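To keep things clear, I will list the structure first and then write my remarks on it.
The values are calculated or read from the model by the stated rules, or taken from the named source; none is laboratory data. Nothing here was measured: the structure is a model prediction, and the numbers come from that model. Every residue, glycine among them, receives a Cβ derived from its backbone with ideal geometry; neighbour counts consider all protein chains shown. These area figures cover heavy atoms from the full protein model, side chains too; ligands, DNA and RNA do not enter into them. Shrake-Rupley method; radii C 1.70, N 1.55, O 1.52, S 1.80 Å.
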Amino acid sequence: MSMRELVVLGTASQAPTRQRNHNGYLLRWDDEVILFDPGEGSQRQMLHTGITATDLTRICITHFHGDHCLGLPGMIQRLSLDRVPRPVAVHFPAGGAEYFARLRHASSFYETAELAVEPIDADGQRITLGIGTLEARRLWHPIETYGYRLVEPDGCRMLPERLAAYGIAGPDVGRLLRDGHLDRDGRRVTRDEVSVTRPGQRFAFVMDTGLCDGVYALAEHADLLVIESTFLESEAALAAEVGHLTAGQAARVAAESGVRTLVLTHFSQRYADPRRFHDEAREHFSGDLVIAEDLQTVQVPPRRVPSPG
């Protein structure tokens, strides 16, 4: 049975707190299990989730600041320890290849796992997956940083009432769906006449960045957007200086981009009350809003229901 959900491992920013571990996010999407930005402690946090290293299919690193990557050595070694039986793809900014090499071999271990190392070296780079396309977009931060989005291809939904009107049923429905048309009683019926487009689902992951075109490109029509909100508006000047977002900015991006569920995370240790992020974001975004907590699970919203034209 397919499953599409986000499992949060950690929600802190530069420094962990008593309540928040360093970053770490797991996306379960059908047969793909993608680990994003494993910070320190991610391996241990996974023990609480029921997801194991043998479940992972790929790892995505947005950039090489420590809170987004210092859990990588342990995860790579765990892949070998558990003898993961298939290649695990790893994506990261190509300019940080030296950092990746150091993290991969941070200590002595017997490497048996096979890593498919696939750096990101261009804005808009796409990786074709069985479930859709993984796209990377350049973000604005003091070091090379990319966000990611997963886009499922659009499909189509057959309309029973229109099929019935043309007398199409049984195996003919499958032939029409496959071939795009069906000759019936001297008339050609096309798939477009008896169906509507079913939009594919979209997931977006945006970490350390100031506002830029890449943020909006990633967020566009996302069913689930995971986005940093390190600061509140009271520190907007500081956020702009160091390449981060406020909760208000993240919420405005979501509202302007047609996001359905917004997940705010990556909170500065200076804020003790997470409700402040909720209240600030709610001023701008009216959709489903989640202020992420460690070990929380967030479901990808059900598919948008297309309306007949």
> Only one of (1) in contact with a helix residue (DSSP H, G or I) (Cβ under 6 Å, 6 or more places away or on another chain); (2) touching a residue at least 40 places away in the same chain (Cβ under 8 Å); (3) of a type in the set (Lys, Arg) is not met by residue 104, so which one is it?
Replying inline: (2)
>> With buried (at least 24 other Cβ atoms within 10 Å of the Cβ) and β-branched (Val, Ile, Thr) as the only criterion, which of 261, 265 stands out?
In response: 265
> Looking at 188, 137, 157, which is the one that is part of a strand (DSSP E or B), open to solvent by 30 Å² or more (accessible area, probe 1.4 Å) and touching a His at 6+ places or on another chain (Cβ under 7 Å)?
Replying inline: 188
>> Yes or no: region 235-243 includes at least one residue that is among the acidic types (Asp, Glu), out of contact with any Ser or Thr (no Cβ under 6 Å at 6 or more places or on another chain) and either open to solvent by 10 Å² or more (accessible area, probe 1.4 Å) or part of a helix (DSSP H, G or I) (or both).
In response: yes
> Among the numbered criteria (1) more than 13 Å from residue 260 (Cα to Cα); (2) open to solvent by less than 10 Å² (accessible area, probe 1.4 Å); (3) among the aliphatic types (A, V, I, L, M), which single criterion is violated by residue 217?
Replying inline: (2)
> Can we say residue 56 is of a type in the set (A, V, I, L, M) and crowded, with 19+ Cβ neighbours inside 10 Å?
Replying inline: yes
> Which of the following residues is under 16 Å from the mean Cα position of the chain (by Cα), surrounded by 19 or more Cβ atoms within 10 Å (Cβ to Cβ), at pLDDT 95 or above and closer than 25 Å to residue 271 by Cβ: 91, 63, 22?
Replying inline: 63
>> Within region 100-125, take every residue that is touching a strand residue (DSSP E or B) at 6+ places or on another chain (Cβ under 6 Å) and part of a loop (DSSP other than H, G, I, E, B) and give me the one that is farthest from residue 147 (Cα to Cα).
In response: 118
>> Which residue is nearest to the chain's Cα centre (by Cα), if the candidates are limited to region 71-88 and must be under 28 Å from residue 137 (Cα atoms) and open to solvent by 40 Å² or more (accessible area, probe 1.4 Å)?
In response: 87
>> So if I check each of 129, 103, 115, which one is over 21 Å from the mean Cα position of the chain (by Cα) and buried (at least 17 other Cβ atoms within 10 Å of the Cβ)?
In response: 103
> What are the residue pairs meeting all of these: first residue in region 140-157, first residue farther than 20 Å from residue 239 by Cβ, second residue among the hydrophobic types (A, V, I, L, M, F, W, C), Cβ atoms under 6 Å, and 6 or more apart or on different chains?
Replying inline: 148/60; 148/136; 148/205; 149/204; 149/218; 150/134; 150/203; 157/196
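Rundown of residues vs (1) in a strand (DSSP E or B); (2) hydrophobic (A, V, I, L, M, F, W, C); (3) under 28 Å from residue 156 (Cα atoms), yes/no style:
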site: 222; (1), (2), (3): no, yes, yes
site: 227; (1), (2), (3): yes, yes, no
site: 248; (1), (2), (3): no, no, no
site: 255; (1), (2), (3): no, yes, yes
>> Anything in region 34-53 that is open to solvent by 30 Å² or more (accessible area, probe 1.4 Å) and more than 25 Å from residue 131 (Cβ to Cβ)? List them, or say none.
In response: 40, 41, 43, 44, 47, 48
> Considering 267, 277, which residue is touching a residue at least 40 places away in the same chain (Cβ under 8 Å), farther than 19 Å from residue 303 by Cα and in contact with a Pro (Cβ under 8 Å, 6 or more places away or on another chain)?
Replying inline: 267
